[in-house]
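Please read the structure below before turning to the comments.
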Amino acid sequence: SATVKGVILSIDSPGGTTVGGESIYEEVRKLAADKPVVAEVGTLAASAGYMIASAADHIVARKTSIVGSIGVLIQYPDVSGLMDKLGIKLEEVKSSPLKAAPSPFKPTNDDERAMVRKLILDSYDWFVGIVAERRKMTREQAQALADGSIFTGRQALANHLVDAVGGEPEAINWLATKGVDSKLKVVEWKDTEGHGLLFSRSMTKAVANALGLPDAGGDIIHELGADRLFLDGLVSVWHP
């Protein structure tokens, strides 16, 4: 919209799917090509949350915000022991040894683990490249910070992961340096549909119906956080 002169991107996120972070990152960069964008970090901007923050032209964080956790993760359970106790045996026919690996129904072998590691390292390499480019670091400097560590806002400032310590007033002050009138009203935009990276409210209702639950079941799933309940695949996320 031509009436929007600048954007404050409020971030309070531990991350999520790597592809979700990538998609939002790309959209923020498109937006920043047209309008100045500043990221304001609340409690947390970790992993894919930080990936998104790095897409902004300027990053502001509180002194005690949690910032960082630069990296990529994939987790999968091994329920083979439980299946043995229950007397359940899995039979499968597949086209090649690595198809459908890793599987929760059997321990991961060395070849499967190596395949997953290659997947992780390729996405990690891309993530580190983004940090180096956006934060104007050498690749070696970015890599040193990309060991999964988390930092306070003050530490992040010292490590050049953010540009300033503060909140919305500091974000507005930065926009003013880009020609945006500091007296303009800040209008908060909210997604009334509540789309997550994976599921909208209508989709969670469909899932509930497929499980034999009423529409209200979909509302409950949505409010609990469908992205967390149904998360599958490569993630860039931090959790204590």
Inset, instruction - Test residue 111 against the stated conditions and say whether it is more than 24 Å from residue 147 (Cα to Cα) and in a helix (DSSP H, G or I). - result: yes
Inset, instruction - Give me the pairs, please: first residue somewhere in segment 64-89 and farther than 30 Å from residue 12 by Cβ, second residue anywhere and aliphatic (A, V, I, L, M) and surrounded by 12 or more Cβ atoms within 10 Å (Cβ to Cβ), beta-carbon distance under 8 Å, and either six or more positions apart or on two chains. - result: 89/83
Legend entry - One residue from 135, 117, 139 being within 23 Å of the chain's Cα centre (by Cα) and either closer than 23 Å to residue 63 by Cβ or hydrophobic (A, V, I, L, M, F, W, C) (or both): 135
Inset, instruction - May I ask you to list the residues in segment 114-141 that are free of Cβ contacts under 8 Å to residues at least 60 places away in the same chain, aliphatic (A, V, I, L, M) and assigned to a helix (DSSP H, G or I)? - result: 114, 115, 116, 121, 128, 132
Inset, instruction - Report whether or not residue 29 is surrounded by fewer than 19 Cβ atoms within 10 Å (Cβ to Cβ), farther than 21 Å from residue 149 by Cα and not aromatic (Phe, Trp, Tyr). - result: yes
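FYI, it's all coordinate maths here, none of it is from the lab. Note that the coordinates shown come from a computational prediction; the quantities given were computed from them, not determined experimentally. Neighbour counts are summed over all protein chains in view; Cβ atoms, including those assigned to glycine, are modelled from backbone coordinates with ideal geometry.
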